[in-house]
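Report on one structure; see the data block that follows.
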Amino acid sequence: LTCVKEKSIFGVTTEDCPDGQNLCFKRWHMIVPGRYKKTRGCAATCPIAENRDVIECCSTDKCNL
């Protein structure tokens, strides 16, 4: 499985997930109202949302773009 690690104006950085990590995730963490920090990567299980974060998980290549 290949997941997106970073997305910027310079392009997309991907990572090949190690064995046992069969999900890609994308997390939005609110810094201040209207401003979010996005985190992407591989995971074995879908992370649990904390502090009003929004998390999406998926299981196909680059699905967390």
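Annotations for the structure displayed:
- Test result for N64, buried (at least 17 other Cβ atoms within 10 Å of the Cβ) and either out of contact with any Cys (no Cβ under 7 Å at 6 or more places or on another chain) or touching a residue at least 12 places away in the same chain (Cβ under 8 Å) (or both): yes
- Enumeration of residues in region 11-59 that are exposed (fewer than 12 other Cβ atoms within 10 Å of the Cβ), at pLDDT below 95 and in a loop (DSSP other than H, G, I, E, B): P33, G34, I48, E50, N51, R52
The values are calculated or read from the model by the stated rules, or taken from the named source; none is laboratory data. The model shown is predicted, which means the values in this text are computed figures rather than measured ones. As a convention, Cβ positions derive from the backbone with ideal geometry for all residues, glycine included, and neighbour counts pool all protein chains shown.
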